[in-house]
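Below is one structure, written out as structure tokens, with a few remarks after it.
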Amino acid sequence: MIESHLNREDAAGSQPKTPTPADRVVAGFSPENFEDTHPKLNLDALVIRCGGDYQLVETLAEMFPPEALKLLHNVELAQTQRDLRGLQLAAHTLKGMCSMFDAVEATEAAMELEMAAASSDFGSKAQLESLQIEVHRAINMVSEIKIQPRV
């Protein structure tokens, strides 16, 4: 069984509103100050995507943080080095990884930079900041996945 508190509801039974990526950048969010704004993970869908293999879910969850950070670094490096192909490839790969875990905001932020690169644009500072924030939020979400032995 997989456990997580990612789909918490408030006392009234409704889901808390999550700020949009643009709201986060404007409000000055940083990876350190968004603990209560975790994206939600559909654990059942993830297990289905993994063919019911809980060990695979656990392996992917363990691999995600370092791989996501490496790809985020590659995006930043590609922007700095003005490497459109590198930017597009890193953003595309990061988009796919985030999508696997239903990290919608991170997926969308990566897709924005991927599409910008496909249009010969390196993206804006705000787009990169949004991606950085959302990837860190996704890492926090995925890091909370715990596999419990079945009894």
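The values are calculated or read from the model by the stated rules, or taken from the named source; none is laboratory data. The structure presented is a predicted model; accordingly, all values stated were derived computationally and were not measured. All Cβ positions, even for glycine, are placed from backbone atoms using ideal geometry, and neighbour counts span all protein chains on display.
Based on what the data block shows, is S120 at pLDDT below 95 and of a type in the set (S, T, N, Q)?
Taking the combined requirement at face value, the residue does not satisfy it.
Looking at region 45-99 only, could you name the residues that are among the aliphatic types (A, V, I, L, M) and more than 18 Å from the chain's Cα centre (by Cα)?
Matches in region 45-99: I48, L56, L77, A78, L84.
Scan region 56-94 for residues that are without any contact (Cβ under 8 Å) to a residue 24 or more places away in the chain, surrounded by fewer than 15 Cβ atoms within 10 Å (Cβ to Cβ), of a type outside the set (A, V, I, L, M) and in a helix (DSSP H, G or I) and jot them down.
T59, E62, P66, K70, H73, T80
Just one of the numbered conditions (1) in a helix (DSSP H, G or I); (2) out of contact with any helix residue (DSSP H, G or I) (no Cβ under 6 Å at 6 or more places or on another chain) is not true of G52; which one?
Every condition holds for G52 apart from (1).
It is to be established whether one or more residues within region 121-132 are over 17 Å from K40 (Cβ atoms), within 9 Å of the chain's Cα centre (by Cα) and among the hydrophobic types (A, V, I, L, M, F, W, C).
Yes, that holds for at least one residue.
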